[in-house]
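Participant: One structure follows; several queries about it will come next.
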Amino acid sequence: MCGIVGYVGKRRAAPILIDGLYELEYRGYDSVGIAVSDGNTTKIIKKTGRVKEIESAREETGYIGIGHTRWATHGDVTVENAHPHTYKNITLVHNGIIENAAKLRAELMQRGEKFYSDTDSEVIAHLIADESCGDLLSAVMRGCGKLVGSYALAVLTEEEPETIVCARMRSPLIVGKAKEGLVVASDIPAVAEEGAELYSLDDGEFSRLDGKTVTIYNAQGSEIHKEPIQFDLAEGRAEKGVYRHYMRKEIDEIPNVLSDSTLKIDCDSRFSDFYRVLCHAEYIQIVACGTAYHSGLCAKAAIERLCRVPVDVRIASEYRYADPIVPKGTLLFAISQSGETADTLAAVRLAKRKGACVAAIVNVKYSSLTRLADHVLYTQAGREVAVAATKSFNAQLAVLYSVAVVLAEIRGKRAPTLNGLDKKAKRTIGISESVRSWVPYFVGAQSVYFIGREADMCTALEGSLKLKEISYLPSEGYAAGELKHGTLALIGPYTPVVAIITRRDIAQKTMNAVHEAYSRGAKIFLVTCFEEFCEEKEITAFVLIPKCPSEFSPILSVIPLQLLAYYTSVARGNDPDKPRNLAKSVTVE
Ligand code: AGP
């Protein structure tokens, strides 16, 4: 996924584009570029690396322009593959994946058209240029008609020096009025300001920004009316403050997030409808990706134990191609921090076609998922900038556990309370700072294993993902009881093994796995709420976290693992906020 931005108006475009790209850098940061025009000539500046590489372009004159920060999908990280892309009189930036790009490129090359990059985006510039007919909007509509896949486009032509044409298909795009002009962007924070009037395009829609007017068209080319987005400027803004990295700051925000999310399930005005849907839920399915998938697994452990309702948790990218069975009365939860994850959106569209009622658990307001779902439960975690999800994971658990408590009560069962988790989270963060002493055992490890049972196994999966994605260390999260069925062969002297134990009735079972690993030379690191296990000879170091209902324990036991990943990443000289190869919102397949 990438970030795109555009501006036309009274002010110089370059600084607006560059500042907007900084706000979009979380979407991809391997190369960057802008195109600015003064109405006569269009100048393109593009580099590999982060947005700061084009700071020198800030002084460029020109009142219209487009910009792009890239996460490579088609083509290596090179200047040629960086956006903007041009062909003849067309210049554009693109976020998405064109699935029939190779076929289209071959046809165009047969007609003698030359290409300078390996990207699918350059093919779009050719298609639109070949459709040029004196009206950029018509050319864009016809060009897009040949595309299969996803795109968010901003397109310029020197023939219409005050016009930007935009198009959206399965990649988010915002258009509107701001900064004394007209703007387009992948996300609100890139262009938002007090008094801005912003609109979210839906799939198949186009927009023309020219002069002082934003016009939106449906796929048939008819002008349509949309209501502007209501956004909270403060919520969209993120500052590091005294912190070195956003990730460390966002971990410290977890207690506040829990107090907001735990105590009330915030959703749109249909909560009473959602309550009724909960009353009739016979089957629950959960679809999500990455960390959100792990929060779904944690929810399954809690809901099945507290409510005795079967919960089927599926990786969204698998669900969408599995022709899933969706029994009558299925309530499907789609969990997503960004609300823009392509696989999750596709899984939701499929589930809706199969008759599921869909509830979105999402952090970003007005995201695509909120418009697809029948019900929306916001996690209220505030903007999460670091690519590695932390506070949004804890917030997802807070909402999911709140749903579990409500569902248990509906079904006449007693459920433990969620109250006080915010204070316990604050204490856990303070206690967990001791993981810094673990880092020397991890920083050079060949491989790392996280083990647990039941809810603790879900936490182990999440702890492993955190470590992998920001320290680049090979790591696995594993069911503790499964270790002896093969993976134990990989454990040898000094292999770090992190054990999570928060449920008393199976604690000793996990300790059995600890002993098995220890006897092969592993170094054991324990996260537990039971003091008696901390002093055992097998334990190299431990974090003793506050007790809470074992069904909800991941909301606390994940915190030491989040901090372990953070400090290990920093020790390895990585940027934990922007890990290599990744991006915050995966809006492509
Ligand atoms: C988690 O740290 C990763 N950033 C990634 O696994 C993420 O959780 C996944 O891409 C899902 O994103 P979403 O919650 O925005 O849908």
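Residues are listed down the side, and each one gets a yes or a no for (1) under 28 Å from ASP273 (Cβ atoms); (2) of a type in the set (A, V, I, L, M):
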position	(1), (2)
ALA389	no, yes
ASN394	yes, no
VAL399	yes, yes
VAL403	yes, yes
ALA408	yes, yes
LEU421	yes, yes
THR428	no, no
ILE431	no, yes
ARG436	no, no
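Participant: Related question: So the check is Cβ under 9 Å with 6+ separation or different chains; which pairs have a first residue in the range 564-589 that's acidic (Asp, Glu) and a second one that's assigned to a helix (DSSP H, G or I) and more than 11 Å from the ligand (Cβ to nearest atom)?
Facilitator: Pairs that qualify, where the first residue is acidic (Asp, Glu) and the partner is assigned to a helix (DSSP H, G or I) and more than 11 Å from the ligand (Cβ to nearest atom), are ASP575/SER569; ASP577/TYR246; GLU589/ALA346.
Participant: Find all pairs meeting these conditions: Cβ atoms under 6 angstrom apart; at least six residues apart or on different chains; first residue within the range 288-311 and closer than 14 Å to LEU331 by Cα and open to solvent by 10 Å² or more (accessible area, probe 1.4 Å); second residue within 13 Å of the ligand (Cβ to nearest atom) and not polar (S, T, N, Q).
Facilitator: Short answer, once both residue conditions are applied: none.
Participant: Considering each of SER557, SER519, SER553 in turn, give the residue that is free of Cβ contacts under 8 Å to residues at least 24 places away in the same chain and under 16 Å from ILE451 (Cβ atoms).
Facilitator: Of SER557, SER519, SER553, the one residue that is free of Cβ contacts under 8 Å to residues at least 24 places away in the same chain and under 16 Å from ILE451 (Cβ atoms) is SER519.
Participant: Then there's this: Please name all residue pairs, on different chains or six or more residues apart, with Cβ atoms under 6 Å, provided the first residue is in the range 466-487 and is open to solvent by 40 Å² or more (accessible area, probe 1.4 Å) and the second residue is of a type outside the set (A, V, I, L, M, F, W, C) and assigned to a loop (DSSP other than H, G, I, E, B).
Facilitator: Matching pairs, first to second residue: PRO474/SER447.
Participant: Hey, another quick one. Output the residue which, of all residues in the range 244-274 that are surrounded by fewer than 14 Cβ atoms within 10 Å (Cβ to Cβ) and hydroxyl-bearing (Ser, Thr, Tyr), is modelled with the highest pLDDT.
Facilitator: Ranking the qualifying residues of the range 244-274, first place goes to SER272.
Participant: Going through the range 365-399 one residue at a time, which ones are part of a helix (DSSP H, G or I), among the charged types (D, E, K, R) and either surrounded by fewer than 24 Cβ atoms within 10 Å (Cβ to Cβ) or touching a Cys at 6+ places or on another chain (Cβ under 6 Å) (or both)?
Facilitator: ARG371
Participant: Is it true that GLU53 is among the charged types (D, E, K, R), farther than 23 Å from ASP120 by Cα and in a helix (DSSP H, G or I)?
Facilitator: yes
Participant: Quick one: ALA415 ticks every box in (1) closer than 17 Å to TYR567 by Cβ; (2) more than 16 Å from the ligand (Cβ to nearest atom); (3) touching a residue at least 60 places away in the same chain (Cβ under 8 Å) except a single one, so which number is it?
Facilitator: (1)
Participant: Suppose we filter the range 312-337 for residues that are open to solvent by less than 10 Å² (accessible area, probe 1.4 Å), touching an Asp or Glu at 6+ places or on another chain (Cβ under 9 Å) and within 14 Å of the ligand (Cβ to nearest atom); how many remain?
Facilitator: The total comes to 2.
Participant: Here is a follow-up. Is it the case that ALA359 is in contact with a Lys or Arg (Cβ under 8 Å, 6 or more places away or on another chain) and open to solvent by less than 10 Å² (accessible area, probe 1.4 Å)?
Facilitator: For ALA359, the condition - in contact with a Lys or Arg (Cβ under 8 Å, 6 or more places away or on another chain) and open to solvent by less than 10 Å² (accessible area, probe 1.4 Å) - is not met.
Participant: Being part of a loop (DSSP other than H, G, I, E, B) and more than 10 Å from the ligand (Cβ to nearest atom) is the filter; apply it to the range 354-364 and report the residue that is farthest from ALA404 (Cα to Cα).
Facilitator: The extreme case among them is LYS354.
Residue by residue, here is whether (1) under 19 Å from ALA583 (Cα atoms); (2) within 15 Å of the ligand (Cβ to nearest atom); (3) modelled with pLDDT under 95 holds:
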| residue | (1), (2), (3) |
| --- | --- |
| GLU340 | yes, yes, yes |
| SER367 | yes, yes, yes |
| LEU377 | no, yes, yes |
| GLN396 | no, yes, no |
| VAL399 | no, yes, yes |
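Participant: Here's another thing I want to ask about it. What are the residues in the range 21-45 that are open to solvent by 40 Å² or more (accessible area, probe 1.4 Å) and not hydrophobic (A, V, I, L, M, F, W, C), if any?
Facilitator: Residues satisfying the conditions are TYR22, GLU23, ASP38, ASN40, THR41, THR42, LYS43.
Participant: Also: Need the failing condition index for PRO416 against (1) over 21 Å from ASP202 (Cβ atoms); (2) crowded, with 24+ Cβ neighbours inside 10 Å, just the number.
Facilitator: Looking at each condition in turn, PRO416 falls short on (2).
Participant: Let me ask you something else. Condition test on ALA351, is it under 26 Å from GLU205 (Cβ atoms) and either within 14 Å of the ligand (Cβ to nearest atom) or at pLDDT below 95 (or both)?
Facilitator: no
Participant: I'd like the residue in the range 579-589 that is out of contact with any Gly (no Cβ under 9 Å at 6 or more places or on another chain) and either away from the ligand (no atom under 11 Å from the Cβ) or assigned to a helix (DSSP H, G or I) (or both) and, out of all such residues, is least open to solvent (accessible area, probe 1.4 Å).
Facilitator: Here the answer is ASN581.
Participant: Continuing with this model, one more query. Within the range 553-565, can one find any residue that is open to solvent by 10 Å² or more (accessible area, probe 1.4 Å) and part of a helix (DSSP H, G or I)?
Facilitator: No, the range 553-565 contains no residue that is open to solvent by 10 Å² or more (accessible area, probe 1.4 Å) and part of a helix (DSSP H, G or I).
The values are calculated or read from the model by the stated rules, or taken from the named source; none is laboratory data. These figures come from a predicted structure and were not determined experimentally. With ideal geometry, Cβ positions are generated from the backbone for all residues, glycine too; neighbour counts draw on all protein chains shown. Ligands, DNA and RNA are stripped out before the accessible areas are found, and what is left, the full protein with its side chains, is counted by its heavy atoms. Shrake-Rupley method; radii C 1.70, N 1.55, O 1.52, S 1.80 Å.
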